[in-house]
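Read through the structure below, which is laid out as structure tokens, and then see the notes.
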Amino acid sequence: MEPPVQYARTSDGISIAFCVFGSGPPLVILSPLPFSHVQAEWRSPPQRRWYEALSSRSSVIRFDPRGCGLSDRDVSEVSLKTLMDDLDAVVRRLELRKFALFAYFNSGPLAIAYSVAHPESISHLVLWCAYPQGSDFSSSPRAASMRALLDKDWETYTELTAHTMFGWSENEEAHRIAGLMRECVSQESAKNYFAAIRAFDVVPILPEICTPTLVLHREAIPYPEPEVARHLAAAIPDARLVLLEGKSLAPYLGDSGVALAAVEEFVLPHGQGAAPPSVRKPSSVAANLTPRELEVLQLIAAGRTNVEISRELVLSIRTVARHITNIYGKIGAHGKADATAYAIRHHLTPD
């Protein structure tokens, strides 16, 4: 059942549509700008299952920013400031004192800016396949070609964007997403949004983030590349980086279970999930792993490549490969995604 739509009003009088579903600690999910529609997205079975899984242990909050979805469409300005006002309107309407914030792709700068402006309100910050400045996304030749197509052919642009970003193997879902994109926002509004997104730059304030932060990224998505995620995590104090296998930008496609486990393990209060980092101990399930294998597993879960593991542990590549083979055999993993999921489930990820 689709959650009921409610409305909040911004300081400049814009009506913002939002919905709340599930129960538990509040989790605000930002959409990939400007493609947001709190009602229509429930028609996507994979997306609905993702929300239902999250809402089984959290109060999930979704809203449409100005110019999108069910919010006021006729707006004169879109900027990082106005988008922060949209989020703040929902926060005030629901009287949220503390909540986790999940940012998806190009909503990353919005989440970062809001976290710095309101550090007392954000319990956890999750940045999914995100980037801190518009040039990380817009400077690639592919993005330039897509912008040219946006000006000429709206339908072809949405179809190509959906298939490129969410995977050509997900043909049916990508076609559904393309239709959703056209329902979320008009072609003219999309142009205005992407002009604003190209100007986003929160790099200077990254060191000011004092919220526990998880940077999640899939290794094979076309853009932003994993190196962007590495730089992003390195610039945020004490941020945790987890690189997952897969080539879909959507967390609800591909191995969504691993993505879900990573988010829940990070944002849920310790009483509802993992033990506090200060008292976290390896699970008894991992007793058959040697101390060295446990170290390798933790580095896999942290997104390290075989070369990086060999350098960090001062081991040969061949020795690292042998350890990984042994680990996979002991825990029943078929790849890094399985190993990462195992480490998350048994609280073996690095603190």
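The values are calculated or read from the model by the stated rules, or taken from the named source; none is laboratory data. The structure presented is a predicted model; accordingly, all values stated were derived computationally and were not measured. Note that we place each Cβ from the backbone using ideal geometry, even for glycine, and neighbour counts take in every protein chain shown. SASA here: full protein model, heavy atoms, side chains in, ligands and nucleic acids out. Shrake-Rupley method; radii C 1.70, N 1.55, O 1.52, S 1.80 Å.
Collect the residues in region 12-58 that are charged (D, E, K, R) and either modelled with pLDDT under 90 or open to solvent by 20 Å² or more (accessible area, probe 1.4 Å) (or both), keeping them in residue-number order.
Once the filter is applied, which keeps residues that are charged (D, E, K, R) and either modelled with pLDDT under 90 or open to solvent by 20 Å² or more (accessible area, probe 1.4 Å) (or both), region 12-58 yields Asp12, Arg43, Arg48, Arg49, Glu52, Arg57.
Considering only region 143-176, how many residues are out of contact with any helix residue (DSSP H, G or I) (no Cβ under 6 Å at 6 or more places or on another chain), at pLDDT 75 or above and among the hydrophobic types (A, V, I, L, M, F, W, C)?
The total comes to 2.
Can you spot a residue in region 117-129 that is modelled with pLDDT under 95 and part of a helix (DSSP H, G or I)?
The answer is no; no qualifying residue exists.
For Gly69, state whether it is modelled with pLDDT of 95 or more and touching a helix residue (DSSP H, G or I) at 6+ places or on another chain (Cβ under 9 Å).
Here the answer is yes, as Gly69 does meet what is asked.
Consider Arg9 carefully, then state whether it is open to solvent by 20 Å² or more (accessible area, probe 1.4 Å), without any contact (Cβ under 8 Å) to a residue 24 or more places away in the chain and farther than 20 Å from His124 by Cα.
The answer is no for Arg9.
Give the number of residues within region 235-279 that are outside any helix (DSSP H, G or I), modelled with pLDDT under 90 and more than 28 Å from His334 (Cβ to Cβ).
The number of residues fulfilling the criteria is 2.
Of everything in region 60-99, what is open to solvent by 80 Å² or more (accessible area, probe 1.4 Å), under 20 Å from the mean Cα position of the chain (by Cα) and either under 15 Å from Cys184 (Cβ atoms) or without any contact (Cβ under 8 Å) to a residue 24 or more places away in the chain (or both)? Give them in sequence order.
Matches in region 60-99: none.
Select from region 196-206 the residues that are over 22 Å from Phe102 (Cβ atoms) and touching a residue at least 12 places away in the same chain (Cβ under 8 Å) and write down the one among them that is most open to solvent (accessible area, probe 1.4 Å).
For region 196-206, the residue satisfying everything is Arg198.
Counting only residues that are surrounded by 17 or more Cβ atoms within 10 Å (Cβ to Cβ) and not in a strand (DSSP E or B), how many does region 214-225 have?
3
Among the residues of region 36-59, are any touching a residue at least 60 places away in the same chain (Cβ under 8 Å), of a type in the set (A, V, I, L, M) and outside any helix (DSSP H, G or I)?
no
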